[in-house]
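Taking it in order: structure first as structure tokens, then the write-up.
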């Protein structure tokens, strides 16, 4: 892998920088805009970002700040109900979306 290539996300999980399930990471520019609209987004910063999330499987890809705020509501629900069962359910739903080719 060259210096300009980004490692696969599972490598980041193995390094401990990400988890399999957790809120999708956003760029700092968007984080600031989301916090302006929804200060409770800060609660998600206590979790490691994930490859997949409740917001990702229930809402999907977010193209703008408004959509990111809607998706974030699912991730806040995840935060309130974190469990192994919840993680396994999200992983299974992610696999289903992948096989149905509905994800982006």
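Every number in this text was worked out from the coordinates using simple rules, so none of it is lab data. Everything numeric here is computed off the predicted structure, so don't read it as measured data. Backbone-built Cβ (ideal geometry, glycine too); neighbour counts: all protein chains shown.
Would you check if there is a residue in the range 35-43 being surrounded by 14 or more Cβ atoms within 10 Å (Cβ to Cβ), under 21 Å from residue 8 (Cβ atoms) and more than 14 Å from the chain's Cα centre (by Cα)?
There is no residue in the range 35-43 that is surrounded by 14 or more Cβ atoms within 10 Å (Cβ to Cβ), under 21 Å from residue 8 (Cβ atoms) and more than 14 Å from the chain's Cα centre (by Cα).
Does any residue in the range 54-67 that is touching a residue at least 12 places away in the same chain (Cβ under 8 Å) and at positive phi come within less than 8 Å, Cβ to Cβ, of a residue that is part of a helix (DSSP H, G or I) and surrounded by 15 or more Cβ atoms within 10 Å (Cβ to Cβ) six or more places away or on a different chain, and which pairs are these?
Matching pairs, first to second residue: 60/71.
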